[in-house]
1. Search the stretch 241-269 for residues being of a type in the set (A, V, I, L, M) and at pLDDT 95 or above, and hand back the single one that is nearest to SER168 (Cα to Cα).
2. Which residue, of PHE278, PHE263, is under 23 Å from GLN81 (Cβ atoms), among the aromatic types (Phe, Trp, Tyr) and open to solvent by less than 20 Å² (accessible area, probe 1.4 Å)?
3. Collect the residues in the stretch 232-252 that are under 25 Å from ASN161 (Cα atoms) and touching a residue at least 12 places away in the same chain (Cβ under 8 Å), keeping them in residue-number order.
4. Show the residue pairs that are 6+ apart or on different chains and have beta-carbon atoms under 9 Å apart, the first residue being within the stretch 64-88 and charged (D, E, K, R), the second being open to solvent by less than 30 Å² (accessible area, probe 1.4 Å).
5. Please specify each residue of the stretch 48-72 satisfying the condition of being open to solvent by 20 Å² or more (accessible area, probe 1.4 Å) and on the phi < 0 side of the Ramachandran plot.
6. Within the stretch 89-118, which residues are hydroxyl-bearing (Ser, Thr, Tyr) and surrounded by 18 or more Cβ atoms within 10 Å (Cβ to Cβ)?
7. Is it true that THR75 is open to solvent by 60 Å² or more (accessible area, probe 1.4 Å), modelled with pLDDT of 90 or more, of a type in the set (S, T, N, Q) and within 30 Å of SER239 (Cα to Cα)?
8. If we only count strands (runs of 3 or more DSSP E) wholly inside the stretch 16-118, which ones have 1 or more residues that are in contact with an Asp or Glu (Cβ under 8 Å, 6 or more places away or on another chain)?
Amino acid sequence: MIKTTTLLAVFCLIFTSCSTDIEINNPALQAKIDGEIFRSSIKKAIIYEDGTLVISGSADDKSISFTTSATKVGTYKMAQQSVNTVSFKKNQEEFISKEGETDGIVNITEIHNNEISGNFYFNDLKDENGNSMNFSDGWFYRIPLENGVIQEEEVITQDINPCLLNASLTALVNGTEMITDNHSAEIFGVENVSILIKATNEEGEISIVFPSNITTGNYSLTGSGDYSATYTSSNDKSSALSGALTITSHDAVTKCISGSFEFETRSGVQVSQGIFEFGY
């Protein structure tokens, strides 16, 4: 009788633990957000052409999204910039990762049968008012991977945007004129789609990120988040400490966009008088 009671107690303990952590037989994405459990009803894991992985989930008015630099089993850290673009939205509030402030890890533990599992945490995501939010005890379990090969085939069948073929970007970098001769544009994200434009020459690369539904107007540039910029040279890659982006035109039908920009990087590089005309 004592043995039967003990086994029943152990079974109840295991059953209770499983019901509050993850659903063992079903894909799952959940975390504690400032101590409150968030379980996503919709979850996705998408691999993009550059090898990055975006994991996202949503439930009701809440959504979470984070990106790793690769899709192999292993640990990816905010401090090493192998994790970026972390965001959490609730109603109209958005908390995003801040370079040099947000700490966190994504640990991919298994990729099997085209499904991915692992765990994560993030500390000190910030909203526009500087309020902080933390994720702990995060899990993603057996989320199906959307194959990046399919995306590559889709790109091959599409015509290249004439605005991208004729793209241009110029700027002054520490007072020296930079005229770029190689241009690319990438669209990434699931619920909050963004555009990454890159322009390079032999001396360096300028990259700028902004939402795909951006309208004409003025925006602040930072090192991460919805509006960000980076300058890379042969021996330095540094994100924007502060800056400004002005969109002068954006045609969502033809996917042509133009504007101007300036920013200072965390390593002290001054990028000024930037002008671009791009397609995506």
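1. Here the answer is ILE257.
2. Exactly one of PHE278, PHE263 is under 23 Å from GLN81 (Cβ atoms), among the aromatic types (Phe, Trp, Tyr) and open to solvent by less than 20 Å² (accessible area, probe 1.4 Å), namely PHE263.
3. LEU245, THR246, ILE247, THR248, SER249, HIS250, ALA252
4. Listed by first residue and then by second, the contacts come to LYS72/ILE108; LYS77/VAL83; LYS77/GLY104; LYS77/VAL106.
5. Hits for the stretch 48-72 are TYR48, GLU49, ASP50, THR52, ASP61, LYS62, SER65, SER69, ALA70, THR71, LYS72.
6. The answer is SER97, THR102, SER117.
7. Details: open to solvent by 60 Å² or more (accessible area, probe 1.4 Å): yes; modelled with pLDDT of 90 or more: yes; of a type in the set (S, T, N, Q): yes; within 30 Å of SER239 (Cα to Cα): yes.
Taking the combined requirement at face value, the residue satisfies it.
8. Those strands (runs of 3 or more DSSP E) span 28-33, 42-47, 53-59, 62-68, 83-90, 93-96, 103-112.
The values are calculated or read from the model by the stated rules, or taken from the named source; none is laboratory data. Note that the coordinates shown come from a computational prediction; the quantities given were computed from them, not determined experimentally. Note: ideal-geometry Cβ built from the backbone for every residue, glycine included; neighbour counts use all protein chains shown. Keep in mind that these areas ignore ligands, DNA and RNA; they rest on the heavy atoms of the full protein, side chains included. Shrake-Rupley method; radii C 1.70, N 1.55, O 1.52, S 1.80 Å.
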